[in-house]
Each structure stands twice: as C-alpha cells, then as structure tokens.
Amino acid sequence: MSDPSVQQQQARPAVPVLHEERLDEVLGAAPERGRGRYRPHRVGMVWRSKVFRAGAVIVALVLCGLVILALVREQTGPEGFLVGLGLAVLPVPLLMAAFRWLDRVEPGPWRNLLFSFAWGACAAALVAIIANSFATRWIATATADPASADTLGATVIAPVVEESAKAAAVLLIFLFRRREFSGVVDGVVVAGFTATGFAFTENILYLGNAFGEDQLSGSSGFASVTAGTFFVRIVMSPFAHPLFTVLTGLGFGFAAVSARRHRARRIALPLLGLLLAMGLHALWNGSSSFGPYGFYAVYGIVMVPAFGLVTWLAIWSRQRELRTLAAELPAYAAAGWLTPAEPSALSSMRARGMARDLARHWQPDRTRGRAAARAVAEYESFATSLAGLRRRARHGAVGPDFGARERELLHHLWQRREVAAPALTHAALLTARPGAHHGRPLPPPYGTGNGYANGYGYGYGYGTGYGPGHTPGYGQTHGHTPGYGHTQGPPPGYAPGAYPPPQPYGGAPHSHRRPPS
C-alpha cells in the first residue's frame with residue numbers, strides 16, 4: 001500500500017510533487033559528480049564562454065578601481081590616502097561577517113559577493129564621484145550660489161545617484177544569477193556587500209580629506225577633524241550605507257518570491273525599495289540642516305529604529321528558510337531521497353553544524369575529515385535550495401525549468417549522501433529534545449556497531465545500521481538489522497508506495513516486501 005502522506009501531497013495539483021509518471025526519469029541512476037547539471041539556454045555565442053564573461057567583468061572592475069584610486073589619491077594626497085585606507089578598512093570585516101552569518105542557511109557563492117563588493121567599491125563609487133561633482137558644479141554655475149549647490153547636491157543629487165549605482169549590482173545578480181537569488185535573505189546580503197564596498201571607498205575619501213585638513217591646521221588628538229569624522233562614520237554609523245541599500249535588496253528579494261503572473265508586483269517592489277533607500281539617504285544627508293541637534297534627532301528617531309526593523313526582518317527571513325526546510329523536505333524523505341531524521345536536522349542550524357563536525361571527526365585523518373565536512377556542507381546547501389525551489393513552485397514563482405532544476409539538486413544530494421546522511425541523522429538524535437530516544441543509546445559513529453562496515457566505514461549499530469543497501473533510503477544492510485542503504489544510484493522503477501514506509505529506529509524489517517538486488 002502506498003504511503004498516505006505521499007498520496008495527500010499528490011492530491012494537490014498546485015504543488016509540484018514527484019509524480020509517478022516521471023519517477024523513472026527522476027530516479028534513474030545518478031550520474032557521476034559534475035554531470036547531470038542543468039544549463040539554461042543562453043543567447044549569443046561569445047557570452048557562452050564563462051572565461052570570457054568572467055574576464056570581461058574583472059577587467060571592467062579593475063579599470064574602475066584604478067580610476068577611482070587615482071581620483072581619491074589626487075584629492076587626499078598620498079599620506080591622507082594611506083590614513084583613510086587604514087581607518088576605513090576597520091568596519092569592513094565586521095559588516096561582511098554579519099551579512100555572511102545571515103546567509104548561513106543557504107550560502108551564496110563567494111563570486112557573487114565579491115562582485116557586489118567590488119562593484120560598490122569601484123564602479124558605483126566612480127559613478128558617484130563623477131556624477132555628484134558634475135551636478136554640483138552645474139547647480140553652482142546655474143544659481144551662482146555654491147553653498148546652496150552643496151546642500152542641494154548632498155540631499156537630492158547624491159542619494160539618487162549613489163543608490164541607483166549601488167542598486168545596479170543587485171539588479172545584475174537578480175537578472176544573470178537568478179538561480180542564486182532566491183529570496184529576501186539573498187537580496188539583503190547582496191545589497192549589504194555592495195553598500196559595504198561603496199562605504200569603504202567613500203570613507204577613504206572623507207577620512208583622507210579630514211587628515212589633510214588637520215595637517216594644514218595643525219590639529220591632532222580627539223579635537224581633530226579626523227577623529228570626529230572617524231567617530232561619526234566608523235563608530236556611530238558604519239551601517240548607514242548598508243541600511244539604505246538593503247531596502248533596495250528587500251524589494252528585489254520580495255520580487256524573487258512573488259508569483260510570475262504578478263508581473264506588475266515584481267517590477268514595483270524593487271522600485272519601491274529603491275525609492276525608500278533614496279528617501280532615507282536624503283533624510284540622513286540633510287539632517288545637519290535641521291539645526292544643531294538635527295543629526296542626533298534623525299539618528300535616534302529614524303536611523304536606529306529603521307536599522308532594528310530591517311535587522312529583525314532579515315533574521316525573520318532567515319528563520320523562515322529553516323521552517324521551509326522542515327515543511328518541504330519530508331515529501332522527499334517519503335520518496336526515499338532523504339532519511340526520516342534529515343528534515344529535522346537540516347532545519348536546525350545547531351544540528352547542521354554538529355553534522356559537519358561529526359563527519360570531520362569520524363574520518364581517520366584531517367584531509368578526509370575536511371573533505372567529509374565539505375561534502376556535508378554542500379549537501380545542506382543543496383537541500384536548502386531544493387526546499388526553497390519547492391516552496392517557490394508552490395506559490396507559482398518558478399519557471400518551466402523547475403523539473404530540470406529539481407532533478408539536478410536531487411542528483412547532487414544523492415552523490416553526497418553516503419557521507420552526509422549518517423552525520424545528519426546522528427546530529428538529529430543528539431539535538432532532539434530530552435526523552436525523544438526513550439532510553440535507547442545513541443548510535444555509534446561510522447564503522448562501529450552491529451551493522452557491517454564496508455569500504456566507506458558506514459556501519460551503524462543498535463538495531464539500525466548504515467551500510468551498503470539496495471534502495472534509495474530504506475534497504476537492507478549487510479549487518480544484522482535493517483538500515484538505511486547507500487548506493488551509487490536508486491533502482492529502476494522505484495515509485496512512492498512501491499516499498500513500505502520507513503520504520504522508526506529499531507523497528508522490525510518488512511519481510512513481506514524486499515527490494516530487488
């Protein structure tokens with residue numbers, strides 16, 4: 001009899017499930033590592049070369065970096081540039097670590113984050129310096145009032161130019177790395193890295209100019225312009241630029257999870273986020289014109305609450321990704337792709353970290369330990385992508401390539417399952433609430449217990465063993481008890497309900513239905 005939970009899932013036509021008519025294709029033998037990748041169609045002959053595309057982007061960013069370096073050095077002088085560089089780099093590791101921590105559930109590739117940072121530090125900064133200078137000079141010439149031109153440039157021109165330049169990085173990744181931009185957290189992280197790079201270059205300019213003023217006036221110590229600029233820009237408001245641009249990232253993130261049929265919403269949300277970023281940036285730049293206490297009023301009444309609200313929203317989105325894992329992955333566990341305990345382990349950051357540590361320490365040497373931990377981390381990332389893909393499909397936010405993308409992720413999971421599944425199952429047991437084991441001892445690590453340990457050393461004991469099996473999840477081991485089998489590919493013709501549902505740990509084997517050898 002088929003599993004009733006699978007039947008219930010299949011009864012919902014709006015939810016993409018593993019339909020029985022295409023299981024033979026999906027559950028075929030897993031290809032070798034590196035194969036079975038879905039590659040979407042790309043237009044143009046030259047841009048099909050990854051080397052050409054990467055080289056073109058790197059060359060463009062390097063050229064922008066050289067130009068911005070020359071401009072900043074010309075304005076600050078050699079000594080001012082070095083002082084500004086040394087002080088401006090201080091908040092960068094902290095901001096990058098914070099955004100990377102937020103992205104731990106489904107870590108984005110470093111190439112996207114490095115591109116975002118480089119775009120903000122080089123391309124966006126160069127556009128801002130040139131456009132702001134040109135606009136300010138034009139306004140001063142047209143109005144014959146340099147003071148009002150500076151104020152108008154800071155409160156109107158600069159927010160529009162700078163936020164548009166930074167938003168371009170988010171837009172490029174949203175368009176050309178769509179598979180790696182799947183939700184709100186991705187928008188926050190990409191926007192945060194872009195703004196961190198922009199603030200880094202801008203801080204070099206401001207701190208370098210402040211140091212030059214101190215050199216001319218002979219000021220030093222806490223009364224110097226450099227100390228005041230450092231306190232305002234590095235100590236009090238290192239999050240200012242990231243906060244502005246994160247509003248744009250939130251707009252793109254909400255657009256990414258919106259249904260494809262809501263085209264107007266998918267266009268309006270990024271524009272709304274960009275307008276909010278410009279407005280908050282203009283309010284921050286114009287706070288000094290509100291009187292002697294205007295800066296502190298805007299900082300305390302607007303900036304700090306906005307920062308707290310955006311931080312809460314980002315953390316809530318991170319927790320929502322974990323809840324998505326717990327809600328979507330049991331369907332794949334019922335189909336045999338995951339063990340019953342894996343959805344619980346994958347939805348807990350503590351269990352995920354413990355699984356990586358277990359896989360590392362269960363290996364005989366450091367090299368294999370690092371490789372095993374890396375395999376578990378990749379497994380966790382692919383499983384998170386699979387759950388997010390299924391959730392977006394449930395809400396109509398995926399394209400016609402859903403099936404190909406799903407098969408690719410399943411194959412990647414299968415290739416790493418022999419290492420990751422035992423570690424995640426063990427971590428799920430270790431992190432379960434007290435009394436969940438009903439007095440039974442925890443299973444020992446690889447290569448111990450009653451189960452037979454093969455060449456991989458994946459024997460598991462105490463009534464349920466990891467060993468070489470025959471089904472994609474619930475086969476017989478070569479030991480004394482039934483266990484979770486791990487083969488290089490699932491058997492042909494496997495379908496939900498073809499085998500009985502998995503039994504709890506220590507349960508009796510299903511003698512009436514044995515998997516084919």
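The values are calculated or read from the model by the stated rules, or taken from the named source; none is laboratory data. From a predicted model like this one, the values you see are computed outputs, not experimental measurements. We place every Cβ from the backbone using ideal geometry, glycine too, and count neighbours over all the protein chains shown. What goes into the accessible areas is simple: the full protein's heavy atoms, side chains included, and nothing from ligands, DNA or RNA. Shrake-Rupley method; radii C 1.70, N 1.55, O 1.52, S 1.80 Å.
Summary of values
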item: Summed residue charge, Cβ within 13 Å of GLY153's Cβ, Lys/Arg positive, Asp/Glu negative; result: -2
item: At R0 = 35 Å, FRET efficiency that the Cβ-Cβ distance of ALA259 and ALA404 yields, to 0.05; result: 0.95
item: Cα gyration tensor, region 152-210 - rounded (a/c under 1.5), prolate or oblate; result: prolate
item: Accessible area of region 303-393 divided out per residue, in Å², using a probe of 1.4 angstrom; result: 41
item: Total formal charge among the other residues, if their Cβ is under 14 angstrom from that of PHE198, Lys/Arg +1 and Asp/Glu -1; result: -1
item: Surrounding net charge for ALA351, when Lys and Arg each add one and Asp and Glu each subtract one, Cβ distance under 11 Å; result: 0
item: Amide H partners (placed H, <5 Å) of THR431, local residues excluded; result: none
item: Per-pair calculated FRET efficiency, R0 = 22 Å: ILE130 and VAL59 via Cβ, rounded to 0.05; result: 0.70
item: Using θ = phi - 60° and Karplus 6.51 cos²θ - 1.76 cosθ + 1.60, couplings along region 354-371 (whole Hz; Gly, Pro as x); result: 5, 5, 5, 5, 5, 4, 5, 7, 7, 8, x, 9, 5, 4, 5, x, 5, 5
item: For ALA397, distant residues with modelled amide H under 5 Å away; result: ARG260
item: Hz values of 3J(HN,Hα) by residue in region 214-228 - Karplus curve (6.51, -1.76, 1.60), Gly and Pro given as x; result: 5, 5, 6, 8, x, 6, 7, x, 6, 7, 7, 5, 4, 5, x
item: Leading residue at positive end of dipole, region 96-218 (Cβ point charges), from GLY153, SER116, ALA140; result: SER116
item: Residue-wise HN-Hα coupling along region 293-310, computed from phi with Karplus coefficients 6.51, -1.76, 1.60 (Hz; x: Gly, Pro); result: 10, x, 4, 5, 5, 5, 5, x, 8, 10, 5, 5, x, 5, 4, x, 5, 5
item: Highest to lowest packing among 377-386, 169-178, scored as the average C-beta count within 10 Å; result: 377-386, 169-178
item: Rough spin-label spacing in nm, given labels placed 7 Å along Cα→Cβ, for GLU79 and ASP150; result: 2.3
item: Projected label distance in nm at ARG370 and ILE315, using a 7 Å step from Cα toward the beta-carbon; result: 3.4
item: Distance from region 147-162 to region 395-411 (C-alpha centre basis), Å; result: 46
item: Size of electric dipole in region 45-120: Cβ of Lys, Arg +1 and of Asp, Glu -1, about Cα centre, debye, nearest 20; result: 420
item: Selected from PRO364, LEU413, TRP316, residue furthest toward positive end of dipole (region 279-419; charges at beta carbon); result: PRO364
